[in-house]
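Undergrad: Below is a structure I'd like to ask you about.
Each reported figure results from applying straightforward, stated rules to the coordinates on display, with no laboratory input. Everything numeric here is computed off the predicted structure, so don't read it as measured data. FYI the Cβ positions are ideal-geometry reconstructions off the backbone, even for glycines, and counts take in every protein chain you see.
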Amino acid sequence: MPVNASRNGNKIEIRVNGRFDFSVHREFRDAYRDTEGPACEYEVNLRGVEYMDSSALGMLLLLREYAGGERARIAISNCGSEICRILQIANFQQLFRMS
Amino acid sequence: MGGELAEGPGRAQRVIVAEDDPASLLLLRFLLEKDGFVVQAVADGAQAVAAFAAEPADFVLLDISMPVMDGYEAAHSIKALAGEQFVPVMFLTAITDEAALAQCIEAGGDDFLSKPYSRLILSAKMQALARTRDLHRTLSAQRDVLADYHHRNEQSQELTRQIFARMLRRWPDDLAGVRYMLRPSERLNGDTILLGRSPCGRLNAMLGDFTGHGLSAAVGTLPTAELFYDMTARGRALQDLVITLDARLAELLPANLFCASALVSLDPARGTLTVWNGGLPDLVLMGPAGLRRFPSRNLPLGIVGARARTPQLELLEVAAEDRLYLFSDGLTELRIAGHAVGQAAVEEIIATAADPFQQLVQLVESGAAAQHDDITLLEISATATVADAVVAPLPAQSDGTAWRITLELGPAALRQGDAVPMVVNTIENMQQLGEQRSRLYTVLAELISNAVDHGVLQLDSRLKASADGFEHYYQQREQALAALEEGQIRVVCINELVGQQGGRFTLRIEDSGSGFDFRRFAEGCGDEEGRLCGRGLQLVRSLCERVQFEEPGNRVEAVIPWGRAV
């Protein structure tokens with residue numbers, strides 16, 4: 001599965017594997033669409049991601065909007081150096097917690 | 001069973017049967033008619049072809065060995081007559097040799113029936129052939145629908161592309177020192193380049209890369225271009241452009257669409273460059289002083305719900321030989337021989353190639369087969385646009401009458417920045433300025449910024465003598481402006497008519513400061529002061545008929561002739 005989600009209380013972990021691009025947008029959306037948005041804490045674990053593009057950045061923004069925009073509690077974890085670079089170029093550290 | 005095969009209730013299926021043995025022919029006709037087919041029986045291949053040519057059948061059954069024309073040849077002709085239509089052909093044969101049976105299929109047959117004929121097998125095979133034919137028809141119909149859709153889609157995309165091209169590409173034809181490459185991965189480009197010249201001769205440039213590619217990405221370029229060109233024509237500062245574009249795109253675009261972009265503003269007259277990077281790969285400046293990068297320090301434009309942030313701009317002095325390179329990540333992520341090009345390789349080319357732009361274009365062409373994102377490259381030379389906008393002769397036509405306006409700007413108005421466009425716009429309300437606009441603009445910009453910086457804010461222009469001090473100067477300026485409580489500038493503009501087709505603008509600018517030692521500048525020692533100060537006044541002198549300071553140095557009068565009075 002390219003996207004897996006697990007839940008522990010109000011903590012939702014979404015793990016993405018392989019290519020993080022438009023091809024997984026439905027799975028990524030499915031991973032959080034039954035959760036309670038601002039009431040939850042999200043962790044997007046990118047350990048298994050080999051490649052990501054700007055549509056993935058867009059998907060992260062959609063999650064952020066779903067989780068309450070400025071109030072959202074979202075951490076992005078386990079980025080490889082290439083993935084980190086893409087997130088940094090877009091300055092996403094201003095929008096998400098990087099861990 | 002025939003009912004199942006028939007298409008619709010009314011029409012029975014037609015079968016042509018060619019068989020030179022009358023007994024076999026009789027049996028086949030009997031079996032097929034029992035299943036509800038209409039049978040046309042003929043005795044050889046040539047007759048079968050003639051019958052099909054006269055009226056195409058739904059199925060053709062052919063004996064292999066027949067007089068006049070054998071089954072293989074007849075099958076070939078009938079398939080040719082049928083063209084795009086799929087007409088199942090079944091061979092009738094007593095042969096059981098596997099090679100001969102395989103030849104039936106090679107000859108264009110769709111199946112074969114071995115003698116002696118069994119009713120059950122004949123029925124089953126006819127049914128199977130009918131199914132294959134129906135599938136073929138469905139697929140053909142769907143293919144036609146798709147082809148038609150594709151064709152219409154191509155047409156409207158092409159139309160859209162032409163409209164986009166006109167809306168996006170509005171830069172002046174005489175824009176020298178700028179080269180660019182746009183290589184969309186589809187017909188419509190999600191990357192865009194915008195270039196415009198501000199009234200005082202500054203070159204504003206933007207490279208934008210919208211999320212994704214194709215139409216959904218390209219659609220965001222339109223409002224961006226509208227705002228960019230409008231604000232550039234009004235001479236608005238780069239910072240304002242960034243803030244306005246960001247707000248507008250956040251309002252228009254859905255949450256997952258945004259625009260990674262960089263905006264730069266080059267002032268060739270002063271040799272300064274302002275850079276803003278939000279989400280693009282590092283911009284690269286290459287020149288005599290080596291290579292310098294401008295990494296992304298900002299969020300991309302148009303992110304919904306991002307708290308308003310102060311744009312992080314970089315201001316620097318550029319040498320005439322400097323060249324700035326902007327590119328979308330389509331370039332650094334282009335895969336050549338299985339590997340992404342990468343920022344380092346791009347920088348290597350910029351630092352070492354005799355003509356980096358050409359070399360990068362070649363690099364992209366060599367990897368064109370693997371392109372999956374829009375690729376855009378922009379090269380701006382520090383001497384781009386030169387000063388032709390500034391020194392252009394003033395036009396003769398004007399129906400302006402004499403008038404005089406006075407503007408007084410206090411701390412709040414000065415903090416808002418952009419006093420210059422405000423003044424120019426006010427004057428323009430009085431009189432169409434046309435080409436005179438840029439000269440007036442430059443002179444006003446220089447004199448007003450002098451009055452604000454050195455008069456009201458009391459900044460020392462010698463700070464600008466070094467590159468570090470240059471940045472420091474602008475920081476100080478920002479702080480002083482934010483803290484400003486009193487002080488003002490007064491701008492007076494008088495338009496006098498001289499003769500029938502000309503006149504002169506007299507600009508008087510006065511500030512609340514204590515004045516400066518204008519005599520030193522009058523003697524032309526601006527040059528020795530270093531390259532970063534004193535240049536403004538030289539520029540003003542070159543554009544005006546007369547520039548005169550008055551004691552104690554907080555008042556200046558500049559005269560610009562226009563029309564026949566030039």
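Undergrad: Test of the criteria: in region B:274-345, which trypsin sites (Lys or Arg not before Pro) are in a DSSP loop and have at most 11 other Cβ atoms within 10 angstrom of their Cβ?
TA: Here the sparse-neighbourhood loop sites are B:Arg307.
Undergrad: Ok, one more. Charges at C-beta only: +1 for Lys and Arg, -1 for Asp and Glu. How large is the resulting dipole of the protein assembly as shown about its Cα centre, in Debye rounded to 20?
TA: The dipole magnitude comes to about 1560 debye.
Undergrad: How large is the dipole of chain B about the Cα centre if only Lys and Arg carry +1 and Asp and Glu carry -1, each at its Cβ, rounded to the nearest 20 debye?
TA: 1460
Undergrad: Also: What relative contact order, as a whole-number percentage, does region A:3-98 give when Cα pairs under 8 Å and 6 or more residues apart are counted?
TA: Relative contact order for region A:3-98 comes out at 28 percent.
Undergrad: What does the charge count around B:Thr406 come to, taking other residues whose C-beta lies under 15 Å from its C-beta (Lys +1, Arg +1, Asp -1, Glu -1)?
TA: 0
Undergrad: Name the residue farthest towards the positive end of the dipole of the protein assembly as shown from the options B:Ala147, B:Gly455, B:Leu257, assuming +1 on Cβ of Lys and Arg, -1 on Cβ of Asp and Glu, about the Cα centre.
TA: Farthest towards the positive pole: B:Gly455.
Undergrad: Quick one: how many lysine pairs in the protein assembly as shown have C-alpha atoms under 27 angstrom apart, if they're 8 or more apart or on different chains?
TA: Lysine pairs, 8 or more places apart or on different chains, close enough: 6.
Undergrad: Name the residue from B:Leu444, B:Pro268, B:Leu25 whose Cα lies farthest towards the positive end of the charge dipole of the protein assembly as shown, charges +1 on Cβ of Lys and Arg and -1 on Cβ of Asp and Glu.
TA: Checking the options against the dipole of the protein assembly as shown, the answer is B:Leu444.
Undergrad: Around B:Asp63, under 10 Å between beta carbons, what's the net of Lys plus Arg minus Asp minus Glu among the other residues?
TA: Within the 10 Å Cβ shell, the charges total -4.
Undergrad: Counting Lys +1, Arg +1, Asp -1, Glu -1, what net charge surrounds A:Met98 among other residues with beta carbon under 14 Å of its beta carbon?
TA: +4
Undergrad: What is the dipole size for region B:2-141, taken about its Cα centre, with +1 at each Lys and Arg Cβ and -1 at each Asp and Glu Cβ, in debye to the nearest 20?
TA: Dipole of region B:2-141, to the nearest 20 debye: 480 debye.
Undergrad: While we're here: Out of A:Asn4, A:Phe96, A:Tyr51, whose Cα points farthest toward the positive end of the dipole of chain A (charges: +1 Lys, Arg; -1 Asp, Glu; placed on Cβ)?
TA: Towards the positive end, the residue furthest out is A:Phe96.
Undergrad: Express as a percent, rounded to the nearest 5, the fraction of DSSP beta bridges in the protein assembly as shown (both residues included) that run antiparallel.
TA: 75
Undergrad: Scan around A:Gly48 for amide H atoms under 5 Å from its own, H built in the peptide plane at 1.01 Å from N, and keep only partners 5 or more places away or cross-chain.
TA: It is A:Val16, by chain and number.
Undergrad: Within region B:71-175, list the trypsin sites (Lys or Arg not before Pro) lying in a DSSP loop whose Cβ has at most 16 other Cβ atoms in a 10 Å radius.
TA: Answer by residue number: B:Arg169, B:Arg170.
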